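No value in this document is a laboratory result; all are computed from the given coordinates. Treat the numbers as computed from the prediction; the structure is a model and nothing was measured.
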Amino acid sequence: GELHVVHVARPPIVIDPLLDGDLRLSPSVAVPVHRARKRLEDTCAEVVQRTRRRVVPHLRFGGVIAELAEVCRAVGADILVVGAPDRPGWRLRWLGSLPARLVRCAPCSVLAVRTKSPKLDARALAG
């Protein structure tokens, strides 16, 4: 099988009437989008090295729940694995609700993997 790795970022909404319909990103938006894409590609390359599986990257913009559920539907996912950082305080309570909301919205089973870092470590997925 193949592994789909999804990164959901805030939508880069920039409307410039001077562009006359040209959808090029302004430099202020293009740099963060480029960084997000590069981080996703690097993570996918690491997963490929560790698993020797085909990895498909998805960079999406919008709400995390809706975008993850949509990718799962589009690819016919059997399971959705999400990172749940091990953080104290309100962030843990808020982040802990993400898997619970995904269980209700995703078209497949959801597995939450506790990580020691706020960034999901590719080794956790591949190991």
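Calculate, in nm to one decimal, what ARG101 and VAL81 gain on full extension: separation in residues at 0.36 nm each, minus their alpha carbon distance.
5.9 nm
You can think of it this way: the chain between VAL48 and ARG35 has 2.7 nm of extra reach, that is 0.36 nm per residue less the Cα-Cα gap.
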